[in-house]
Amino acid sequence: MADRVTVIGWDGTPLTAAARSALNAATLVAGAAHHLALEEVPARAERIRLGSVSLAARRVAAHRGTAVVLADGDPGFFGVVRTLRAPEFGLEVEVVPAVSSVAQAFARAGMPWDDAEVVVAHRRTLRRAVNVCRAHPKVAVLTSPGAGPAELGLLLQGVHRTFVICEELGTEREQVSVVTSDKAADHSWRDPNVVIVIGGTAASPDTGWIAGREPATSPRGWALPAAEYGGDVWLGEGENDRLRAAQLARTGPRPGDLVWDIGCGSGAFTAEAARFGAAVIAVDRDADALGRTTAAVRRFGVQAQTVHGVAPHILEDLPEPDVVRVGGGGAAVVSAVADRRPERIVTHAATRDAAELIGRDLSEHGYGVECALLQSVELDTRAWREEKRTVAFLLTGRLQDRSP
């Protein structure tokens with residue numbers, strides 16, 4: 001095991017005395033090409049080009065001597081420190097931090113970032129990073145080759161965003177560009193880069209006491225009553241608050257997910273799924289329903305994309321969903337959704353025959369099916385008499401072989 005391992009963050013400014021001292025004593029230095037080219041790296045030290053951090057960590061662990069690992073920005077923020085400290089390597093590290101690339105990017109843009117979401121985009125996480133950009137008005141994306149500004153822009157099709165692209169921060173080749181998301185694919189971008197993605201509902205000017213979106217901006221509770229969405233006149237039979245609570249519980253929307261709400265009606269489910277941090281696409285054949293949905297998401301300070309059209313045909317060009325609520329369209333729409341293989345599908349039926357038809361179709365598509373008969377009765381508590389009774393079959397399809 002290395003006698004000593006020091007991780008040094010580099011942000012383009014001159015190295016601190018502590019960093020120079022650690023480098024001077026190093027017998028092994030790991031870093032990217034531009035790190036290894038620094039004049040402070042001793043000529044006598046063994047050098048490792050940092051590609052796979054895990055492979056480099058094994059080399060560092062096997063080294064007999066003093067090792068230094070150089071990394072851009074703050075190495076403890078989505079950086080190499082987590083890998084180096086993994087139990088399989090047994091390394092104890094000292095960290096000399098620098099300004100994170102996210103902080104630098106927002107500084108170059110002249111913007112605060114305590115209200116921003118921060119995500120890492122690799123090839124395997126790119127889609128989920130894009131979904132966060134769909135769901136939030138201010139996101140910083142730490143990119144990687146193959147998951148950069150061009151790919152972000154292509155996957156954000158149908159959602160307008162502004163990109164602030166910061167290339168090679170802290171170097172002589174540093175460049176900051178502002179483009180719309182639909183134009184990002186028209187350029188070649190240099191690595192490393194950070195993308196600030198801005199758009200949609202404006203962030204609160206005062207985030208208060210917690211980083212990210214202030215949770216108290218939304219009402220307390222979930223599956224809110226009809227009065228929060230314009231009254232009973234706007235809520236269909238598949239949108240009452242008790243059934244909606246069960247739908248939300250079965251789908252479990254979360255940050256990084258893309259939710260389809262087909263037959264969005266009042267927008268109640270759309271708004272509440274977005275409040276969980278998921279990206280939502282609301283689909284309806286009724287333009288008035290989409291207008292109500294837009295009003296609902298604005299009321300609660302969240303975002304959703306609306307698509308006007310008739311399912312299942314309109315679904316063909318939509319990006320891949322993680323979970324889907326089918327509020328209308330019956331077995332034909334459920335079957336078309338199942339063809340796209342989301343992890344979970346939730347819908348309802350008014351009769352047992354309709355529920356059996358949907359359940360059989362989900363089973364034939366390889367989904368595990370659950371069905372429950374839900375009955376809710378609203379009481380007038382002044383006289384304790386029944387005011388309204390709702391009965392529906394709730395169906396849930398779960399795809400076991402799909403990972404999030």
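The values are calculated or read from the model by the stated rules, or taken from the named source; none is laboratory data. Here the structure is a predicted model, which is why all the values come from computation and not from measurement. So basically every Cβ, Gly included, is an ideal-geometry build from the backbone, and we count neighbours across all protein chains shown. SASA here: full protein model, heavy atoms, side chains in, ligands and nucleic acids out. Shrake-Rupley method; radii C 1.70, N 1.55, O 1.52, S 1.80 Å.
Is the stretch 41-53 home to any residue that is open to solvent by 40 Å² or more (accessible area, probe 1.4 Å), polar (S, T, N, Q) and farther than 28 Å from Val194 by Cβ? Looking for residues that are open to solvent by 40 Å² or more (accessible area, probe 1.4 Å), polar (S, T, N, Q) and farther than 28 Å from Val194 by Cβ, one finds none in the stretch 41-53, hence no.
In the stretch 271-328, what count of residues is obtained for those that are part of a loop (DSSP other than H, G, I, E, B), open to solvent by 10 Å² or more (accessible area, probe 1.4 Å) and more than 22 Å from Ser218 (Cα to Cα)? Of the residues in that region, 11 qualify.
When you check Val29 against the structure, is it aliphatic (A, V, I, L, M) and outside any loop (DSSP other than H, G, I, E, B), yes or no? Even if it seems obvious, please write down each step before you answer.
On the way: aliphatic (A, V, I, L, M): yes; outside any loop (DSSP other than H, G, I, E, B): yes.
Criteria met by Val29.
Each residue in the stretch 352-404 was checked for being modelled with pLDDT under 95, exposed (fewer than 11 other Cβ atoms within 10 Å of the Cβ), outside any strand (DSSP E or B) and of a type outside the set (A, V, I, L, M, F, W, C), and 6 pass. Scanning the stretch 144-196 for residues that are without any contact (Cβ under 8 Å) to a residue 60 or more places away in the chain and charged (D, E, K, R) gives Glu151, Arg161, Glu167, Glu168, Glu172, Arg173, Asp182, Lys183, Asp186, Arg190, Asp191. Screening the stretch 166-182 for residues that are among the charged types (D, E, K, R) and out of contact with any helix residue (DSSP H, G or I) (no Cβ under 7 Å at 6 or more places or on another chain) and picking the one that is surrounded by the fewest Cβ atoms within 10 Å (Cβ to Cβ) gives Glu172.
Entry remark, the stretch 77-91: residues being in contact with a strand residue (DSSP E or B) (Cβ under 7 Å, 6 or more places away or on another chain) and either part of a strand (DSSP E or B) or touching a residue at least 24 places away in the same chain (Cβ under 8 Å) (or both) number 6 in total. In the stretch 97-137, the residue that is most open to solvent (accessible area, probe 1.4 Å) out of those that are in a loop (DSSP other than H, G, I, E, B) and among the charged types (D, E, K, R) is Arg124.
The one condition from (1) open to solvent by 30 Å² or more (accessible area, probe 1.4 Å); (2) part of a loop (DSSP other than H, G, I, E, B) that Pro342 does not meet is (1). Per the conditions (1) on the phi > 0 side of the Ramachandran plot; (2) within 22 Å of the chain's Cα centre (by Cα), the sole criterion not satisfied by Val302 is (1). All conditions but one from (1) outside any loop (DSSP other than H, G, I, E, B); (2) open to solvent by 30 Å² or more (accessible area, probe 1.4 Å) apply to Thr347; the one that does not is (2).
Of the listed requirements (1) at pLDDT below 95; (2) over 16 Å from Glu168 (Cα atoms); (3) in contact with a Ser or Thr (Cβ under 7 Å, 6 or more places away or on another chain), Ala26 misses just one: (1).
When Phe89 is tested against the conditions (1) open to solvent by 50 Å² or more (accessible area, probe 1.4 Å); (2) out of contact with any Gly (no Cβ under 9 Å at 6 or more places or on another chain), the lone failure is (1). For Ser188, only one of the following conditions fails: (1) open to solvent by less than 50 Å² (accessible area, probe 1.4 Å); (2) over 30 Å from Gly65 (Cβ atoms). What is its number? For Ser188, the failing item is (1).
If you scan the stretch 48-103, which residues turn out to be of a type in the set (A, V, I, L, M, F, W, C) and over 31 Å from the mean Cα position of the chain (by Cα)?
Narrowing the stretch 48-103 to residues of a type in the set (A, V, I, L, M, F, W, C): 48, 50, 53, 55-57, 60-62, 67-71, 77-78, 80-81, 84, 86, 89, 91, 93, 95-96, 98-99, 102-103.
Of everything in the stretch 48-103, those that are of a type in the set (A, V, I, L, M, F, W, C) and over 31 Å from the mean Cα position of the chain (by Cα) turn out to be Ile48, Val60, Ala61, Ala62, Ala67, Val68, Leu91.
Only one of the listed residues (Val130, Val164, Val178, Val141) is farther than 18 Å from Ala105 by Cα and either touching a Pro at 6+ places or on another chain (Cβ under 8 Å) or of a type in the set (Val, Ile, Thr) (or both). That residue is Val130.
Could you list all residues from the stretch 15-37 that are within 37 Å of the chain's Cα centre (by Cα) and surrounded by 15 or more Cβ atoms within 10 Å (Cβ to Cβ)? The answer is Leu15, Ala19, Val29, Ala30, Gly31, Ala32, His34, His35, Leu36.
What about Val333, is it closer than 26 Å to Asp241 by Cβ, in contact (Cβ under 8 Å) with a residue 60 or more places away in the chain and assigned to a helix (DSSP H, G or I)? Talk me through it step by step, then tell me what you get.
Numbers: closer than 26 Å to Asp241 by Cβ: yes; in contact (Cβ under 8 Å) with a residue 60 or more places away in the chain: yes; assigned to a helix (DSSP H, G or I): yes.
So Val333 fits the description; yes.
Tally the residues that are hydrophobic (A, V, I, L, M, F, W, C) and surrounded by fewer than 24 Cβ atoms within 10 Å (Cβ to Cβ), restricting the search to the stretch 233-265. It would help to see each step written out before you state the result.
Filtering the stretch 233-265 down to residues hydrophobic (A, V, I, L, M, F, W, C) leaves 233-235, 243, 245-246, 248-249, 258-260, 262, 264.
Next, from what is left, pick out any that are surrounded by fewer than 24 Cβ atoms within 10 Å (Cβ to Cβ): 233-235, 243, 245-246, 248-249.
Total meeting the criteria: 8.
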